[in-house]
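Below you'll find the structure, written out as structure tokens, and then a few comments.
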Amino acid sequence: MFANGRFMFDKDGNLWSGQNWMPGSQSGVLRSIGGGVLKMTPNGTPVSPPITGFTGMGLDGVGWGTAVTNDRVWASGLNGKILVMDLNGHPVGSESDFPFKQKLFGLMGVGVAPNGDVWVCDGSDNQLLYFPGGRIKDGKVVKMKGLASPFDIIVDPQNRVWVSNSQADTLLRFPIDDPSKVETFHLGISVRAVALDQKGNLWVVSNYSPNFPLPKIPAGASIMEQFRVIGGAGLAYPKPTGIVSMIRPDGTQAAPGGYTGGGTVSVPWGLNIDGNGDVWVGNMKNRSVLLMAGDDTKGHSPGTKTGDLIHMFTGGSIQMITDVAIDPAGDVWAANNWNSGEGATAENPAFAVSTWGGGSGVTVIYGVAAPVKPPRMGEVRTY
């Protein structure tokens with residue numbers, strides 16, 4: 001494992017995760033050797049091929065693009081390719097099966113609707129890829145106003161698609177059958193992971209608070225160049241920054257300014273909802289996993305309000321976290337995405353940290369969350 005991206009569990013509780021970079025390589029945002037897709041059993045035993053992970057269909061390096069359905073695994077690549085596998089890691093087609101004529105780059109989040117539709121964020125070309133029923137050969141490009149390096153995507157029970165923008169302060173929502181009817185929600189800067197709780201509330205993290213002095217990103221910058229510019233700025237910022245937001249199904253925000261966990265939210269990337277409806281957040285900057293109270297959830301101390309910090313998990317095995325995911329046993333898996341900021345972003349990092357750009361391994365916090373039923377397709381499901 002090296003530079004873990006998104007974490008997803010299949011129906012049997014196995015973990016799947018696309019890897020940004022090849023384990024052991026001197027990779028970073030400027031130069032890299034791409035990784036493949038990891039599979040681990042519920043007890044943490046790796047079953048994907050050592051070093052490379054599962055590969056095929058042209059895939060070379062995975063960012064945020066990992067999704068699991070009842071019988072398929074989708075991984076979207078930093079190089080613009082998509083790998084679709086069965087649950088044994090075997091590709092279900094070939095690179096030529098995709099109907100797209102143009103060359104794609106920087107594919108990010110993958111969202112699966114309950115009806116089997118698959119959506120992919122194209123972070124470089126400001127568009128979405130849509131596969132009705134998950135059929136590869138029927139894929140089409142969806143263009144719409146307001147996309148600014150789309151990062152993550154999810155479909156709610158009302159068949160509305162939610163898309164986060166990593167190069168803006170916006171989250172978009174539109175009905176599946178009419179992408180022209182776009183609603184825009186303003187949050188923090190560089191909007192990242194999204195998740196739906198049991199009440200249909202959309203939870204989302206923004207890397208930076210609304211008042212963050214964001215440096216200018218060159219027009220046409222690649223996904224990794226974006227990471228270098230804004231990631232470096234966030235790590236150098238002297239204060240905690242970033243917010244967690246909740247948007248109700250009717251589009252209202254109970255806390256328009258977002259939740260900060262009393263200053264513990266610090267360049268958050270990933271989040272997920274547990275079986276109690278509480279919110280788990282992965283922090284990049286202060287190397288931590290946060291547990292925050294969900295929407296009027298039970299079992300907390302008197303006076304606990306939505307968005308309050310319940311606990312902050314830190315430790316030597318927790319590096320710079322992107323995703324956090326909850327398995328069917330209530331274990332929380334945290335993705336060590338980066339280890340050394342210098343190793344990940346510097347032009348010529350010190351030799352001693354040149355292989356530390358990517359984070360090493362996964363940290364599992366056992367039995368601390370209410371279990372969820374995999375795979376995650378739309379709203380979180382409980383037993």
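Summary table below
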{"item": "Given charges at beta-carbon only (K, R positive; D, E negative), |dipole| of segment 133-258 in Debye", "result": "220"}
{"item": "For segment 32-56 and segment 348-383, distance of Cα centres in Å", "result": "14"}
{"item": "Extension gain (nm, one decimal) between residue 51 and residue 115, 0.36 nm per residue minus Cα-Cα", "result": "19.6 nm"}
{"item": "Percentage relative contact order, the chain, counting C-alpha pairs under 8 Å, at least six apart", "result": "15"}
{"item": "Exposure proxy order (Cβ contacts within 10 Å, fewest to most) of 382, 363", "result": "382, 363"}
{"item": "Nitroxide proxy distance, nm - points 7 Å out along Cα→Cβ at residue 97 and residue 137", "result": "1.0"}
{"item": "Spin-label pair residue 308/residue 186, simplified geometry with 7 Å Cα→Cβ offset, distance in nm", "result": "3.0"}
{"item": "Surface/4 estimate of mean projected area, convex hull on alpha-carbon atoms of segment 86-130, nm²", "result": "4.0"}
{"item": "Residue of 106, 13, 36 that the Gaussian network model of the chain assigns the largest fluctuation, springs spanning Cα pairs under 10 Å", "result": "13"}
{"item": "Max mean-square fluctuation residue, GNM over the chain, Cα-Cα springs under 10 Å, options 111, 262, 242", "result": "262"}
{"item": "Gaussian network model of the chain, Cα within-10 Å springs - most flexible of 311, 300, 186", "result": "300"}
{"item": "[x] -0.42, -0.53, -0.91, -1.06; [y] -0.50, -0.62, -1.01, -1.13; [z] -0.34, -0.43, -0.82, -0.98, with the label sought being that of the calculated log10 I(q)/I(0) by the Debye sum over Cα atoms at q = 0.08, 0.09, 0.12, 0.13 Å⁻¹", "result": "[z]"}
{"item": "Proximal lysines to residue 140, defined as alpha-carbon separation beneath 21 angstrom and excluding residues fewer than eight positions away on the same chain", "result": "81, 101, 103, 181"}
{"item": "With 10 Å bins from 0: P(r) over segment 38-189, alpha-carbon pairs, percent", "result": "11, 42, 33, 13, 1"}
{"item": "Net charge contributed by nearby residues that have their C-beta within less than 13 Å of residue 281 (K/R +1, D/E -1)", "result": "-1"}
{"item": "162, 16 arranged by Cβ crowding within 10 Å, fewest neighbours leading", "result": "162, 16"}
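FYI, it's all coordinate maths here, none of it is from the lab. Note that this is a predicted model, so its numbers are computed, not measured. No Cβ is skipped: glycine too gets one built from the backbone with ideal geometry, and neighbour counts run over all protein chains shown.
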